Amino acid sequence: MTRIGGDVVVETLRALGADTVFGLPGQHALGLFEALRRADDLRVVSSRVENNLAFAADGHARARLAADPHGPVPVTPMIVSTGPGALLTLASLQEARAASVPVLGISSQIPVAGLGGGRHGYLHELPDQQASFRDVVKSVHVVRSISQIPTALREAWESAATAPYGPVWVEIPQDVLLATANLPRLTSVTAAPAPLEPLPELVAEAAKLLDAAKNPVILAGGGALRSGAHDGLRRLAETLRAPVVSTFGGKGVFAWDHELSAQSWMEDWHTTEFLSDADVLLVLGSGLGELSSNYRDFAPNGRIVQVEADLGKLESNYPALALHADVRHTLRALLDQLTPRAADGRAEAAVKDLLARVESRLDSQPLAAERKLIDDVRAALPEGTQTFWDMTIAAYWAWSAWNPDGAPIHTAQGAGGLGYGLPGALGAAAAGVRSLAVSGDGGAMYGLAELATAVQHQLDVTWLVIDDGGYGILREYLTGAFGQTTATELPRPDFVALAESFGIPARKTTVDTVRTDLADALRTPGPSVVVLPALLKMFAPTHLEHS
């Protein structure tokens, strides 16, 4: 058997630790897929559309991070072809970048002779393909010979796995992938992401501020979750006796029912005021962007200490004592310098009062069906089920209301694009994780083709489709802003019949029976579909009324 460039790619991926590759073939990528065929210890999970393939790779990495937050960073490789195939991944990679998910995108390229924008008329040719990715992913790596493959992939892997995690992009020309490889077989390629440690002087200053604080509060963001800071955050909160609010991206890093957990009602004005009233607010792994600041209405009265691995997010929205560092390493350093406080009950009482005010505000609105739905979906899940939510009204509720303990939540709120739910859950299932996808009927239409993928690989995914006849949240936004809606009402298929045409068990449910029906579907091995016709509403937007 003649080894080719594609074999060098596969050998390098295996040496780096990959056991699963998400891939969709294309003419320029034939050398890669021939090499994957020869590899008997590297699983290939396919897809029907490249953007869904990239979402699946994202879901695979998130699921493995959630299952083992303290283990090696689970970089997930994804392989696509040149031009149209590559470009279709961009929206999904934007989500991975916004949510700090370590995806390694590998694309074929036109032959080496065509690189440089010469417009030679090759199939799929772009003047500068890498330029399309440069401001979306963390780093771009271009290979021009077989000898460059191991180092380029190692550098890309290290980039993806270095805090802040994120997607990276590697391009390998068609003729390099097909060329005869004269390198010896590779088994020892390793990656060593450098830890992002805080500066000691800044840790000392942060510890001084926190020790002196009379009303410290912690805001835990997605960076805290991604860094595996669960244990350190609990110890820090209990040392300071500080309440912890989780951002939507940080849900799960702090126990939902802990006595210091103020949960994650980020779009409720009571929570915004609670954060503003802290004399020292410790922000862990958040840039305090639009959603985390309740649409910029957060106005701190005290000092902010911000710990953030993404350099560009430091003080990007609010002045702070800013530490460019991984959250987990920073918490370890802080705990060595902080003085433990006695539990006097004040922080716990403040948390109870905040959650009671949030509850009272919800009770004043006619939202019983929506709140019951979230509770019923949560109650239906076996312990350890991971959930993947599309951009739909139910997901907007889940951002705030979902209890993630024992049922991690993954959403597309990083970039906010449609279509994430089903392919993300399929990626998790490929990692051996039982998963639930939740979509609206509008978002579901983005991923219907992946029902074939679920069947092909017999992936253990249950898909809940909430059918309200259109883009429900956009219907609310347009009607609220202009009194009427446009282009939100959608024809759609019979989702039950469509799933059954793929051989997938499917059923229609109601708001009264969804808990039982969903629990039954989740017990069914392999893919299953549950369709809930329901018109859901959002809670009132408190940033518009400040009350």
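Cα to Cα, under 19 Å, and not fewer than 8 places away if on the same chain: which lysines meet these conditions relative to LYS508?
LYS372
What list of ³J(HN,Hα) values in whole Hz, one per residue of region 293-309 in order, does the Karplus curve 6.51 cos²θ - 1.76 cosθ + 1.60 (θ = phi - 60°) give from phi, with Gly and Pro shown as x?
Residue by residue, region 293-309 yields 9, 6, 6, 6, 8, 5, 9, x, 8, x, 8, 10, 10, 10, 10, 8, 7 Hz.
From the phi of every residue in region 359-364, what ³J(HN,Hα) in whole Hz does the Karplus formula 6.51 cos²θ - 1.76 cosθ + 1.60 yield, where θ is phi - 60° and glycine or proline is x?
4, 5, 5, 5, 4, 7
Once a ≥ b ≥ c are taken as the square roots of the eigenvalues of the Cα gyration tensor of region 175-225, is the result rounded (a/c under 1.5), prolate (a/b larger than b/c) or oblate (a/b not larger than b/c)?
On the way: a/c = 5.92, a/b = 3.44, b/c = 1.72.
The shape class here is prolate.
Over what distance in Å are the Cα centres of region 371-390 and region 50-117 separated?
27 Å
State the label only: which of [x] 4, 18, 27, 25, 18, 7, 1, 0; [y] 4, 18, 25, 23, 16, 9, 5, 1, 0; [z] 4, 19, 31, 28, 14, 4, 0 corresponds to P(r) over Cα pairs in 10 Å bins from 0, in percent computed from the shown model?
The value computed from this structure is option [x].
D for region 139-190, whole µm²/s, Stokes-Einstein with Kirkwood Rh over alpha-carbon pairs at 25 °C and 0.890 mPa s: what number? Display every interim value, and only then the final one.
On the way: Rh = 11.9 Å.
So the translational diffusion coefficient is about 206 µm²/s.
Amide H to amide H, which residues 5 or more places from HIS410 or on other chains are under 5 Å from it, using H placed in the peptide plane?
Sorted by chain and number, the residues that satisfy this are THR387, PHE388, TRP389.
When only Cα pairs under 8 Å and 6 or more residues apart are kept, what is the percent relative contact order across region 292-405? Before the final figure, lay out the partial values.
Numbers: 50 pairs, mean separation 16.5, N = 114.
Result for region 292-405 is 14 percent.
Using 0.36 nm per residue of separation minus the Cα-Cα distance, give me the extension gain between ASP405 and ALA368 in nm, one decimal. Mind showing how you got there, number by number?
Working: separation 37, 0.36 × 37 = 13.32 nm, distance 2.29 nm.
Going from the current span to full extension adds 11.0 nm.
Any chance you could run the full-extension gain for ASP277 through SER147? It's 0.36 nm times the residue separation minus the Cα-Cα distance, nm to one decimal.
Roughly 41.0 nm would be gained on extension.
Straight-line reach from LYS352: which aspartates and glutamates have Cα under 12 Å away, leaving out those fewer than 8 places along the same chain?
Cα-Cα hits under 12 Å: ASP257, GLU259.
If packing is taken as the average count of other Cβ atoms within 10 Å, what order do 449-462, 510-523, 186-199 fall into, highest mean first? Please list the in-between numbers first.
Numbers: 449-462: 21.0, 510-523: 16.9, 186-199: 14.2.
So the order, starting with the most tightly packed, is 449-462, 510-523, 186-199.
Order 313-324, 163-174, 24-35 from most to least packed using the mean count of other Cβ atoms within 10 Å. Mind showing how you got there, number by number?
Values: 313-324: 17.8, 163-174: 26.6, 24-35: 21.6.
So the peptides 313-324, 163-174, 24-35, ranked by packing, come out 163-174, 24-35, 313-324.
For LEU183 and THR510 in one chain, what is 0.36 nm times their gap in residues minus the Cα-Cα distance, to one decimal in nm? Spell out each step's value before the answer.
Working: separation 327, 0.36 × 327 = 117.72 nm, distance 6.06 nm.
Full extension of this stretch gives 111.7 nm more.
Find the accessible area per residue for region 435-521; the probe is 1.4 Å, ligands and nucleic acids are left out, and the unit is Å². Numbers along the way, then the final one.
Numbers: 3880 Å² over 87 residues.
Solvent-accessible surface per residue comes out at 45 Å².
Cα to Cα, under 26 Å, and not fewer than 8 places away if on the same chain: which lysines meet these conditions relative to LYS208?
LYS313
For the pair GLU238/ALA299, report the inter-label distance in nm, with labels modelled 7 Å from Cα in the Cβ direction.
Computed distance between label sites GLU238 and ALA299 equals 3.8 nm.
Counting only helical runs of four or more DSSP H residues, what would the 222 nm mean residue ellipticity of the chain come to if each run contributes -39,500 (n - 2.57) and the total is spread over all its residues? Write down the numbers at each step before the final one.
Details: 22 runs with 211 residues, N = 547.
For the chain, the value works out to -11000 deg cm²/dmol.
Could you work out how far the C-alpha centroid of region 505-528 sits from that of region 119-188, in angstrom?
So the separation of the two Cα centres works out to 43 Å.
How big is the dipole moment of the chain about its Cα centre under a simple scheme where the beta carbon of each Lys and Arg is +1, that of each Asp and Glu is -1, and everything else is neutral? Debye, nearest 20, please.
Values: 43 positive and 61 negative charges, 160 e Å.
Rounded to the nearest 20 debye, it is 760 debye.
Give the calculated FRET efficiency between GLU259 and LYS537 to the nearest 0.05, with a Förster radius of 35 Å applied to their Cβ-Cβ distance.
On the way: r = 32 Å, r/R0 = 0.91.
That gives a FRET efficiency of 0.65.
Report relative contact order for the chain in percent, whole number only (criteria: Cα-Cα under 8 Å, sequence separation at least 6). If you can, show how the numbers build up before the last one.
On the way: 1213 pairs, mean separation 74.7, N = 547.
Relative contact order, the chain: 14 percent.
Take GLU197 and ARG492, extend 7 Å from each Cα along the Cα→Cβ direction, and tell me the distance between the two endpoints in nm.
Reported label-point gap for GLU197 and ARG492 is 5.3 nm.
Any idea what angle helix 5-16 forms with the longest principal axis of the chain, computed on alpha-carbon atoms, 0 to 90 degrees, nearest 10?
30 degrees
Please report, largest first and rounded to whole Å, the three semi-axes of the ellipsoid equivalent to region 380-473, where each semi-axis is the square root of five times an eigenvalue of the C-alpha gyration tensor.
On the way: eigenvalues 71, 59, 21 Å².
They are 19, 17, 10 Å, listed largest first.
State the Cα centre-to-centre distance between region 275-309 and region 397-411 in whole Å.
21 Å
Each residue of region 226-237 in order: what ³J(HN,Hα) in whole Hz does its phi give by Karplus 6.51 cos²θ - 1.76 cosθ + 1.60, θ = phi - 60°, with x for Gly and Pro?
5, 7, x, 8, 3, 5, x, 5, 4, 5, 5, 4
The values are calculated or read from the model by the stated rules, or taken from the named source; none is laboratory data. Please read all numbers here as calculations on a predicted model, not as lab measurements. As a convention, Cβ positions derive from the backbone with ideal geometry for all residues, glycine included, and neighbour counts pool all protein chains shown. SASA here: full protein model, heavy atoms, side chains in, ligands and nucleic acids out. Shrake-Rupley method; radii C 1.70, N 1.55, O 1.52, S 1.80 Å.
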